[in-house]
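Quick note: the coordinates plus some simple rules give every number you see, no bench work behind them. These figures come from a predicted structure and were not determined experimentally. Using ideal geometry, Cβ is built from the backbone for each residue, glycine included, and neighbour counts are taken over all protein chains shown.
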Amino acid sequence: MAATVPVSPLGLKERAPKVTLIQSLQKGFSKETYLVYSIALSSDASLLVSGSWDSTVGVWEVHSGIRRQTMTGHTGPVRSVAISKDARIVASGSQDETVGIWDAQTGKRLHTLKENDAVNSVSLSADARIVASSSSDNSISLWDVKAGTQIWALREEAMRFYSLALAANASVVASGSTCGTVGIWDVKSGDRLQTFKAHSDAINSVAISADAKIVASCSDDKTIGIWEVRSGALLQKLTGHTNWVLTVALSADASTVASGSADGSVGIWNVREGSRIATMSRSTSHVISVALSADTSFVACSYDRDEPVGVWKMERGPEPRKKSAPNPSVWAKLQFWL
């Protein structure tokens, strides 16, 4: 049975934010390297990391649009990137079957972690001590970043993992599979804690809240699911995209979701209300990667064709005025997520 998600007190809805395109990152890209498979924003949105078809990893200054670093060493397209909370460490996953660990300040490659197949997804813990990766051989691996060694690996014969997300506190890993299931894995042991059927088609992307209580997933079934990690209960089903939803990002507090779709749009969603509060649509290309800043003031996206990475600023207006507080007995029932 699905969990009940309350509306905001008095049924008030969040006002639509003002959304402004502030940057199109294209300097340093050639026509051949416009295809950016994956992006990640630093927590303060000062830096953006890109992983590209041309096998490079880029570090960009968002405000100026300048490409600060170009990391080379991969021999295949870079499918996934992640950046640590302090913006010092970058992880990259490539079709060349390796995970790269990089110094974001110098561009130096610190470690090359060898997988057995193309790497589809990478995710860093907040302190950058652990990186998780998933590969096309149906495996998930956990690595010690400082030592450059594997902590554990698991393989599921019947599941191919397109995406994973490591909780900021490094307690659990969430995975999304081609068969539409979300898996929750214990970081210490590698044991499966939870598996639940989330979608009727392949899951393309997953994201997890900082406290590891909420996971978001998106799918070829054109929907986004919001789930409670502990029970696997459905909290929200977000609908509105008209084609596959290819990528999803979740704010640290699980209040906001950004989604990118093959319909060419980026959606911004209020999770509590289950409503779409903003849509950015400037392209007929597929949106293949999205990223949110820690305070949700910035969202970035990349496309599957020759288009620059876009960075948008979201300015949210004041909350609607509340005429009176709800009845205490009603308020007691408005429990969020727990």
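List of remarks:
- Given (i) 67, 46, 38; (ii) 73, 64, 44; (iii) 61, 44, 34, the label whose value is Cα extents along the principal axes in Å derived from this model: (iii)
- Mean residue ellipticity (222 nm) of the chain, computed from DSSP H runs ≥ 4 via -39,500 (n - 2.57), nearest 500: 0 deg cm²/dmol
- In terms of other Cβ atoms within 10 Å, Ser171, Ser84 run from fewest to most in the order Ser171, Ser84.
- Applying the criteria of a DSSP loop state and at most 12 other Cβ atoms within 10 Å to the trypsin sites (Lys or Arg not before Pro) of segment 48-114 yields Lys108.
- Lysine pair number, Cα distance threshold 25 Å (strictly under), segment 31-316, separation 8 or more or different chains: 18
- By the count of other C-beta atoms within 10 Å, a proxy for reagent exposure, Ser209, Ser281 are ordered fewest to most as Ser281, Ser209.
- Ranked Val19, Val173, criterion: other C-beta atoms within 10 Å, fewest first: Val19, Val173
- Treating r as the C-beta distance of Lys108 and Lys188 and R0 as 25 Å, the FRET efficiency rounds to 0.25.
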